[in-house]
Amino acid sequence: MSLLQNGIKMQGDCDFCFACIQNCPQKAIQFKKNDEDPLLANGERNPNARYRNEYILLVDIKRTNRQ
């Protein structure tokens, strides 16, 4: 993932698990509203809600992404 002025760009072996969005403590990463995509036509339903899987630690996600 690379940070751009107008957002982020997924690259490499990203599996689009969106763990980066769910784990960002500042909620700086969000889905952009996209009228062409039916799932994102309204943006995030609740941009303040985040889900953390209690069985997966952030360190596990980082370790997996380095493979």
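Please pick out the residue among Glu44, Glu36 that is at pLDDT 80 or above and out of contact with any helix residue (DSSP H, G or I) (no Cβ under 8 Å at 6 or more places or on another chain).
Result: Glu36 is the single residue among Glu44, Glu36 that is at pLDDT 80 or above and out of contact with any helix residue (DSSP H, G or I) (no Cβ under 8 Å at 6 or more places or on another chain).
Restricting the search to region 18-64, which residues are in contact (Cβ under 8 Å) with a residue 24 or more places away in the chain and open to solvent by 100 Å² or more (accessible area, probe 1.4 Å)?
Scanning region 18-64 gives Lys32, Tyr51, Arg52.
If I ask for residues that are in a loop (DSSP other than H, G, I, E, B) and within 14 Å of Gln22 (Cβ to Cβ), which ones from region 46-67 would you list?
Selection gives Asn46, Pro47, Asn48, Ala49, Arg50, Tyr51, Arg52, Asn53, Glu54, Tyr55, Ile56, Leu57.
The values are calculated or read from the model by the stated rules, or taken from the named source; none is laboratory data. Here the structure is a predicted model, which means the values were calculated and not measured. Virtual Cβ from ideal backbone geometry, glycine too; neighbours counted across all protein chains shown. All accessible areas refer to the heavy atoms of the entire protein, side chains included, with ligands and DNA or RNA removed. Shrake-Rupley method; radii C 1.70, N 1.55, O 1.52, S 1.80 Å.
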